[in-house]
Amino acid sequence: MEYTVEGLERSRNIGFRQGDILGLVLKVFLNLSNDLRILDLGCGSGFFTRIIAKQCNAEIIGVDINERLLDGARKLAKKEGLNIIYEVGDIRNIGDKDNSFDIVMCDVVLERFQVITTPLSEMKKVCKDGGIVVAIEPFYQSFIEYYPETDNETRNLLLKFSRADRNFGLGPMLPESFNSVGLKNIDFVTWFWGDIGYKILEFETKEEKLQFMEENLKRIKKFLPDSKQLQKEEQLKIIQFYEERLKFYKENPEKLNRDMSVRGMPVFIVKGYKK
């Protein structure tokens, strides 16, 4: 997958749009303070790095293998007046930084690796004794789409569809993976990556939301026939539901703001201590 600054920022802003609240959660959960050295690996556009930087005046370094993403990260940090150092590097081989950081973190990165103990071991290596290793990863199999207007049969069908053919997701696996590399006192909190209805965000209009719904319907029609977990009759019912929903909001766009559906999934934020 080819990542772009714009794509990463848009995705993160939707899933973690209440970034100030997430920042406070991380501040308490990680005991953030100004005297720490923090390393964010696979930082991409620096979305999570900036959230941390807004909570403390620590020395913060973001590392990514993609120089183009780092250029974007530097520009965004400068725009927000944040003092973050960005460097090119590989989470699998961080180099001469052993025992250097109080907190070593990565955010929605480990899922790219077949064997996640490799990057986790490297994270542990560069963490100071008594420091914290942190990983943030989703739980895809708990993805939900809830629509208040549906009956129980349709609701259960849409729940089945929401989870059909999805990867499991690393979130629930992180505690055992942390344990396997020798991290101690492992704990976690969760965040819900999602949205309420077709919420009008600052950068979107109702017309753009309707266009999103239309494109989403096209994707559903394209990929449903390949599903190994949904029967043909179920597929037709799912398509009919989304077609009727799109038609309703096209005819009544003013009601988009009153849509109280919920879409999303839990994200695990896991920490472990290096003893």
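Is it true that residue 255 is outside any helix (DSSP H, G or I) and of a type in the set (Lys, Arg)?
no
Looking at the range 62-81, can you tell me whether even one residue there is in contact with a helix residue (DSSP H, G or I) (Cβ under 8 Å, 6 or more places away or on another chain), touching a residue at least 40 places away in the same chain (Cβ under 8 Å), closer than 16 Å to residue 181 by Cα and not in a loop (DSSP other than H, G, I, E, B)?
No; the residues of the range 62-81 include none that is in contact with a helix residue (DSSP H, G or I) (Cβ under 8 Å, 6 or more places away or on another chain), touching a residue at least 40 places away in the same chain (Cβ under 8 Å), closer than 16 Å to residue 181 by Cα and not in a loop (DSSP other than H, G, I, E, B).
Can you say whether residue 213 is modelled with pLDDT of 90 or more and not assigned by TED's automatic domain parsing to the domain that holds residue 240, as far as the supplied structure shows?
no
Could you say which residue among 199, 228 is part of a loop (DSSP other than H, G, I, E, B), within 26 Å of residue 24 (Cβ to Cβ) and modelled with pLDDT under 90?
Exactly one residue qualifies, and that residue is 199.
Which residue pairs have Cβ atoms closer than 7 Å, lie 6 or more positions apart in sequence or on different chains, and pair a first residue in the range 14-31 that is assigned to a helix (DSSP H, G or I) with a second residue that is surrounded by 15 or more Cβ atoms within 10 Å (Cβ to Cβ) and among the polar types (S, T, N, Q)?
Between residues of the range 14-31 that are assigned to a helix (DSSP H, G or I) and residues that are surrounded by 15 or more Cβ atoms within 10 Å (Cβ to Cβ) and among the polar types (S, T, N, Q), the close pairs are 23/55; 26/55; 27/55.
The values are calculated or read from the model by the stated rules, or taken from the named source; none is laboratory data. In this text the structure is predicted, and so the values were computed from the model without any measurement. For neighbour counting, all protein chains shown are included, and Cβ atoms are generated from backbone atoms with ideal geometry for every residue, glycine included.
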